[in-house]
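J.: Okay, handing you the structure first.
The values are calculated or read from the model by the stated rules, or taken from the named source; none is laboratory data. Quick caveat: nothing in here was measured; it's all calculated off a predicted structure. Here the Cβ positions follow ideal geometry from the backbone for every residue, glycine too, while neighbour counts run over all protein chains shown.
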Amino acid sequence: MFQVNPRVQGVKSELLELYRDVCTSTIGHLTDFGFLKGIQPLFRPARFIGNAVTVRIPHMDSSAVHKVMDLVQPGDVVVVDMSGDVERSCWGGMVSYAAHVKKVAGVIVAGCVNDVDEIAELGLPVFSFGISPLTTRILGIEGEINTTVSICGVSVHPGDLVVADNDGVFVVNPEAASKYGRIALQKQRQEPETKRKLDAGESIASISGANRFFVNSEQHA
């Protein structure tokens, strides 16, 4: 049985602009939640931000992966839940070309991909668990589009904000995203001043405040 829900536009242009220069590792200073641990870019450099369009497939049947290309809009991020199959590829050269034509911002696959050279030639940013020549087929068994999926223990909802770069992938509800984005940008804007202090001879432990935890240990040394 197939379930196809309408596309959700949860990410507004203001949020995309806010996150244009935000690094996932900066957000990693602020929260432990929302990171897709184990997902890696197929090639670097890789960076995109966009609106999540979700797909869930039952291991071998990638019919829904093909169908989702009828729903995506420019700037979307396709997020594929392969129901725990980490050995098979559901994403190759032809579907990458279809995504490229639709101007998809990027792809997240909780499984494997194939046709690496074709994807790299297109320049389509793809994150996955790895590469495999063993592929899915168009079998018409079942699948879901624009439902909540689970990627690396993270619930990804249609319309969530997806932020991906060389360090990894962060997914967040748009309503909670602004606070993380503003704080992350503030931290990044402070980095040049921190480097200036380091150049001037200050210690990083002093600047970060780590020194306060070592007062007693230094006295007993």
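J.: Among all residue pairs at least 6 apart or on different chains, which show Cβ distances below 7 Å where the first residue, located in the range 102-119, is more than 16 Å from Val169 (Cβ to Cβ) and hydrophobic (A, V, I, L, M, F, W, C) and the second is in a helix (DSSP H, G or I) and modelled with pLDDT of 95 or more?
T.: Ile119/Gly93; Ile119/Ser96
J.: While we're on this one: Of all residues in the range 127-183, count the ones that are over 23 Å from Pro41 (Cβ atoms), in contact (Cβ under 8 Å) with a residue 24 or more places away in the chain and acidic (Asp, Glu).
T.: Looking only at that region, the number is 2.
J.: Okay, next question. Answer yes or no: is there a residue in the range 19-27 that is in contact with an Asp or Glu (Cβ under 8 Å, 6 or more places away or on another chain), in contact (Cβ under 8 Å) with a residue 24 or more places away in the chain and not β-branched (Val, Ile, Thr). I'd like the intermediate steps shown before the answer.
T.: First pass over the range 19-27, keeping only residues in contact with an Asp or Glu (Cβ under 8 Å, 6 or more places away or on another chain): 23-25.
Adding the requirement that they be in contact (Cβ under 8 Å) with a residue 24 or more places away in the chain leaves 23-25.
Retained after the next criterion (residues that are not β-branched (Val, Ile, Thr)): 23, 25.
Yes, that holds for at least one residue.
J.: When only residues in the range 1-18 that are touching a residue at least 60 places away in the same chain (Cβ under 8 Å) and of a type outside the set (A, V, I, L, M) count, which is surrounded by the fewest Cβ atoms within 10 Å (Cβ to Cβ)?
T.: Filtering the range 1-18 for residues that are touching a residue at least 60 places away in the same chain (Cβ under 8 Å) and of a type outside the set (A, V, I, L, M), the one surrounded by the fewest Cβ atoms within 10 Å (Cβ to Cβ) comes out as Pro6.
J.: How about the range 38-62: which of its residues are of a type in the set (S, T, N, Q) and buried (at least 20 other Cβ atoms within 10 Å of the Cβ)?
T.: Initially, the range 38-62 is screened for residues of a type in the set (S, T, N, Q), giving 40, 51, 54, 62.
Result: Asn51, Thr54, Ser62.
J.: For the range 38-55, what are the residues that are of a type in the set (D, E, K, R) and either farther than 17 Å from Asp160 by Cα or modelled with pLDDT under 95 (or both)?
T.: Kept after step one, since they are of a type in the set (D, E, K, R), are these residues of the range 38-55: 44, 47.
Selection gives Arg44 alone.
J.: Let me ask another. Can you pull out the residues in the range 63-82 that are under 17 Å from the mean Cα position of the chain (by Cα) and not hydrophobic (A, V, I, L, M, F, W, C)?
T.: Passing the criteria: Pro74, Gly75, Asp76, Asp81.
J.: Would the range 63-73 turn up any residue that is surrounded by fewer than 24 Cβ atoms within 10 Å (Cβ to Cβ), charged (D, E, K, R), under 25 Å from Phe33 (Cβ atoms) and in contact with a strand residue (DSSP E or B) (Cβ under 9 Å, 6 or more places away or on another chain)?
T.: So far as the range 63-73 goes, no, none of its residues is surrounded by fewer than 24 Cβ atoms within 10 Å (Cβ to Cβ), charged (D, E, K, R), under 25 Å from Phe33 (Cβ atoms) and in contact with a strand residue (DSSP E or B) (Cβ under 9 Å, 6 or more places away or on another chain).
J.: Applying the selection to the range 23-48, what residues are touching a helix residue (DSSP H, G or I) at 6+ places or on another chain (Cβ under 9 Å) and among the small types (Gly, Ala, Ser)?
T.: Gly34
J.: For the range 19-37, what are the residues that are assigned to a loop (DSSP other than H, G, I, E, B) and buried (at least 21 other Cβ atoms within 10 Å of the Cβ)? Before you say what the answer is, go through the steps one by one.
T.: Filtering the range 19-37 down to residues assigned to a loop (DSSP other than H, G, I, E, B) leaves 19-23, 28-34, 36-37.
Across the range 19-37, the qualifying residues are Tyr19, Val22, Gly34, Leu36.
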